[in-house]
Amino acid sequence: MKIYFAASIRGGRNDVEIYKELINYLKNDHQVLTEHIGDYNLSIQGQNQLKDSFIRNRDIDWLKQSDIVIAEATNPSLGVGYELAMAERLNKPVIVLHRSNGTQLSAMIAGTEYFTKIFEYQTVEEAEKILGKELKRS
Ligand SMILES: O=c1[nH]c(=O)n([C@H]2C[C@H](O)[C@@H](COP(=O)(O)O)O2)cc1CO
């Protein structure tokens, strides 16, 4: 499957290690279109060698091509929120992962009926198990 993995960039890179592990896990059986999100060298400035309009249009094209959108939404990010709304508009299947470690998921995501697959997790292993199970189903 083609997966659009969404996670924070300019919203903060504290969880980059988790993004990288999840992307590597997904890559075992699937194609991840947005591998750069797990790149340690990608800073909070994002891909600032590219124009913002290029990034936005490229990502929307990838989102359209994808079979499913998987968002790690613990670290709040405007971009991820936008991508999730776009996934809803395009009727894409969506999985939202959120670590239950203090932050609270935005009501605009948790309170949207379209997002039926929101999972709280604590460890990366737990998140991988959730993804493994869910991706077998879709
Ligand atoms: O450089 C970038 N490259 C890129 O692909 N994005 C996309 C993918 C991410 O899922 C999302 C992150 O948004 P934000 O930067 O607002 O945290 O936006 C965002 C940026 C920078 O905003």
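The values are calculated or read from the model by the stated rules, or taken from the named source; none is laboratory data. On a predicted model such as this, the values are computed, not experimentally measured, just so you know. No Cβ is skipped: glycine too gets one built from the backbone with ideal geometry, and neighbour counts run over all protein chains shown. Please note that ligands, DNA and RNA were not included when accessible areas were found on the heavy atoms of the full protein model with its side chains. Shrake-Rupley method; radii C 1.70, N 1.55, O 1.52, S 1.80 Å.
How many residues are surrounded by fewer than 16 Cβ atoms within 10 Å (Cβ to Cβ) and either acidic (Asp, Glu) or under 17 Å from ALA6 (Cα atoms) (or both) if we restrict to region 95-108?
2
Can you name the condition, by its number, that GLN65 falls short on among (1) in contact (Cβ under 8 Å) with a residue 60 or more places away in the chain; (2) under 14 Å from the mean Cα position of the chain (by Cα); (3) under 16 Å from LYS2 (Cα atoms)?
It fails just one condition, (2).
Here's the yes/no breakdown for (1) modelled with pLDDT of 95 or more; (2) polar (S, T, N, Q); (3) more than 13 Å from the chain's Cα centre (by Cα); (4) surrounded by 14 or more Cβ atoms within 10 Å (Cβ to Cβ):
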| position | (1), (2), (3), (4) |
| --- | --- |
| TYR19 | yes, no, no, yes |
| LEU26 | yes, no, no, yes |
| VAL32 | yes, no, no, yes |
| PHE54 | yes, no, yes, no |
| ASN75 | yes, yes, no, yes |
| PRO93 | yes, no, no, yes |
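From the residues in region 34-52 that are near the ligand (Cβ under 9 Å from one of its atoms) and not β-branched (Val, Ile, Thr), which one is most open to solvent (accessible area, probe 1.4 Å)?
GLN45
From the list GLY111, GLY81, exactly one residue is within 13 Å of the chain's Cα centre (by Cα), over 18 Å from VAL16 (Cβ atoms), open to solvent by 20 Å² or more (accessible area, probe 1.4 Å) and without any contact (Cβ under 8 Å) to a residue 60 or more places away in the chain. Which is it?
Going through GLY111, GLY81 in turn, just one is within 13 Å of the chain's Cα centre (by Cα), over 18 Å from VAL16 (Cβ atoms), open to solvent by 20 Å² or more (accessible area, probe 1.4 Å) and without any contact (Cβ under 8 Å) to a residue 60 or more places away in the chain: GLY81.
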